[in-house]
Amino acid sequence: MPDQRGEAHVRRPVRLAALTVGAAFLVVGVLGFLPGVTTDYGELEFAGPDSGAQLFGLFTVSVLHNIVHLGFGVLGVAAAAAPALARAYLIWGGGLYLLLAVYGAGIDRSSQFNVVPVDAADNWLHAGLGLGMIALGVLTTAAERARETAAQRRR
């Protein structure tokens, strides 16, 4: 099917990466609301450091935390519609997750500043997600450019 430039539709790795990451965030956001998958579900708070619920018994979550995951998932799925949006989602979103990891590591976890809330496991996960998303954005873009360059040389 032709795109806006009249070229045949090509599945772009960056779009697939954004779609996959977005879908993963949607799944995690939903799982955060499921008793059993989220342990101590009765202690789930809207926000703040007092939420005792833990996704998979490991990651502290709150209603706000789950909503953030759902929103970030929707953004990823929507961004997958265009390569530039997908790339921006992966790189800028990854940067935001790295900042969240640094923020989480630097705050007093029992303070009012722990709004989302985050704990040590969340901080490591956020750092890994941030690095992974940035890597996906950069590497898939490099792969696409290499493919385009090779195609131009064959013409």
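Readers should treat all values here as calculations from the given coordinates under stated rules, not as data from a laboratory. Predicted, not measured: the structure shown is a model, and the values here were computed from it. Please note: Cβ atoms are built from the backbone with ideal geometry, for glycine as well, and neighbour counts cover all protein chains shown.
Summary of values
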{"item": "Nearest 10 degrees, 0 to 90: helix 13-31 Cα axis against the chain principal axis", "result": "20"}
{"item": "For a label point 7 Å along the Cα-to-beta-carbon line of A135, residues of region 24-54 with backbone N under 20 Å", "result": "24-25"}
{"item": "With Cα atoms, 0 to 90° folded angle of helix 83-106 axis to the chain main axis", "result": "30"}
{"item": "Using a Förster distance of 41 Å, the FRET efficiency for E148-L64 (Cβ separation, nearest 0.05)", "result": "0.50"}
{"item": "Sites A23 and R155 - FRET efficiency at Förster radius 30 Å, r taken between beta-carbons, to 0.05", "result": "0.25"}
{"item": "Residue-span extension gain [F56 to R109] - 0.36 nm each, minus C-alpha spacing", "result": "17.1 nm"}
{"item": "Most mobile listed residue (A17, A143, A88) in the chain, GNM with C-alpha springs under 10 Å", "result": "A143"}
{"item": "Positive-end residue, the chain charge dipole about Cα centroid, Cβ charges, pick of G32, V77, I67", "result": "V77"}
{"item": "Assigned charges on the beta-carbon of Lys, Arg, Asp, Glu; region 13-154 dipole about Cα centre (debye)", "result": "1040"}
